[in-house]
Amino acid sequence: MIYSMTGYGKSVLQLPTKKITIELKSLNSKNLDLNARMPSIYREKELAIRKILADKLTRGKVDFSIYVETTAEDTSTQINTPAVKQYIAQLKEIVNGSDVDLLKMAVRFPDALNTIREEIDENEWTTINTEIHNAIKSLNDYRLNEGQVLENDFNNRVVTIKKILEKVISMDPERVKSVRERLLKGVQDLKEKHDENRFEQELVYYIEKFDITEEKVRLENHLNYFIESIKSEESNGKKLAFIGQEMGREINTIGSKSNYAPMQQLVVQMKDELEKIKEQLLNVL
């Protein structure tokens, strides 16, 4: 089971005087890169929120947001009546105007409005905390669904590589024969007499240098281990990336040892499939 690092989660909380929306968005990243946006009233809870997100999300570039929409007559800003009256009295001494005009001017001056700092209601915060966990669950459900799409793609591409590897294995005797004939022709073209026994010994040594038996076995083991790791309970993109690197190492070695054009074409096909796997692995949690 694998999880994608791409996801979206949302939870909406309706309180008597406000509507609170919690959003989570995530993209791929090597580590946890968390950006949190919230009203100032909730800033004192930011460290606690970050800890929750770090415990639950592990990796990814995560944007966390809390939006508050007031739905009732509830405001933290009040008119500073004594200050406004004093401003109006002073304005009357220097300008002529109606009380309404003077009021419009007075409320623009400093300290005309007082902002009362709200304190977090702990009962309200308990409810918000629950909704944060709901948003995280929504995000992880999204990640799981995306991960299943990736898993299907990985399985299909691994099967494709296995089929190409089977062609490589079946082609190997033909490759060895071709290499042998090419070497023999090269010696004959030199029009030099040669010791048949010595030639056979040298030929065996040369062909052994180009033997790909170990690489074929290791590649097949890596492919099986990759599928096995996908099915594990925990998503581990870093582990899968490492296995992908080992798969690439064996495919490259087969290509460098093949010395046979038809087999090298198959190696190119395997490389193409593996590159697509590696590209998708960047998004695995």
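Couple of notes before you dig in:
- Applying the condition of being part of a strand (DSSP E or B) and of a type in the set (D, E, K, R) to segment 1-33 and asking which residue is farthest from E131 (Cα to Cα) yields D33.
- Listed conditions (1) farther than 17 Å from E119 by Cα; (2) in contact (Cβ under 8 Å) with a residue 60 or more places away in the chain; (3) in contact with a helix residue (DSSP H, G or I) (Cβ under 7 Å, 6 or more places away or on another chain) are all met by L32, apart from (2).
- Screening segment 185-278 for helices (runs of 4 or more DSSP H) wholly inside it with 2 or more residues that are closer than 30 Å to Q148 by Cβ and modelled with pLDDT of 95 or more returns the ranges 213-230, 237-258.
- Which listed residue, of N259, N224, is touching a residue at least 60 places away in the same chain (Cβ under 8 Å) and over 26 Å from N31 (Cβ atoms): N259
- Qualifying residue in segment 269-277 (condition: more than 23 Å from the chain's Cα centre (by Cα) and surrounded by fewer than 19 Cβ atoms within 10 Å (Cβ to Cβ)): yes
- Checklist (1) surrounded by fewer than 13 Cβ atoms within 10 Å (Cβ to Cβ); (2) acidic (D, E); (3) in contact (Cβ under 8 Å) with a residue 12 or more places away in the chain applied to D63, failing item: (1)
- Exclusive hit being assigned to a helix (DSSP H, G or I), on the phi < 0 side of the Ramachandran plot and not polar (S, T, N, Q), set A36, A83: A83
- When segment 117-130 is filtered for residues that are charged (D, E, K, R) and surrounded by 14 or more Cβ atoms within 10 Å (Cβ to Cβ), only E124 remains.
- Segment 92-139: number of residues that are in a strand (DSSP E or B) and over 30 Å from L24 (Cβ atoms): 2
- In this structure, A89 does not satisfy being outside any loop (DSSP other than H, G, I, E, B), of a type in the set (G, A, S) and in contact with an Asp or Glu (Cβ under 6 Å, 6 or more places away or on another chain).
- Hits in segment 131-150 (condition: hydrophobic (A, V, I, L, M, F, W, C), out of contact with any Leu (no Cβ under 6 Å at 6 or more places or on another chain), within 18 Å of G237 (Cα to Cα) and crowded, with 16+ Cβ neighbours inside 10 Å): L144, L150
The values are calculated or read from the model by the stated rules, or taken from the named source; none is laboratory data. Remember, it's a predicted structure, so these values are computed and weren't measured experimentally. No Cβ is skipped: glycine too gets one built from the backbone with ideal geometry, and neighbour counts run over all protein chains shown.
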